[in-house]
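A short write-up of the structure that comes next.
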């Protein structure tokens, strides 16, 4: 599970870095660039939110599989 987390984090960082560099290197007016940056930031935040929801669901499923111990 730890390796999967590392891969997902690395992929997210790569996605963000690649998107920002790609947008910044594109020849475009400042206003258009700002609109693209805002749009892309919203997409990325939505992706991160969805990933967090999926992880929470997985954790809840794992927790429900664990035996309950009473001391």
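Taken together, the values in this text are just the output of simple stated rules run on the coordinates, not laboratory data. Keep in mind it's a predicted model, so treat the numbers as computed, not measured. All Cβ positions, even for glycine, are placed from backbone atoms using ideal geometry, and neighbour counts span all protein chains on display.
For the chain, the longest principal axis of the Cα atoms and the long axis of helix 2-25 meet at an angle of about 10 degrees.
Neighbour counting of Cβ atoms within 10 Å sorts the residues 47, 3, fewest neighbours leading, into 3, 47. How far, in degrees from 0 to 90, does helix 30-65 lean away from the longest principal axis of the Cα atoms of the chain, to the nearest 10? The answer is roughly 10 degrees.
By the count of other C-beta atoms within 10 Å, a proxy for reagent exposure, 13, 44 are ordered fewest to most as 13, 44. Considering helices alone, the calculated mean residue ellipticity of the chain at 222 nm is -30500 deg cm²/dmol, with DSSP H runs of length four and up weighted by -39500 (n - 2.57) and normalised per residue.
Calculated from the alpha-carbon coordinates, the stretch 2-49 shows an Rg and a Dmax of 12.7, 42 Å respectively.
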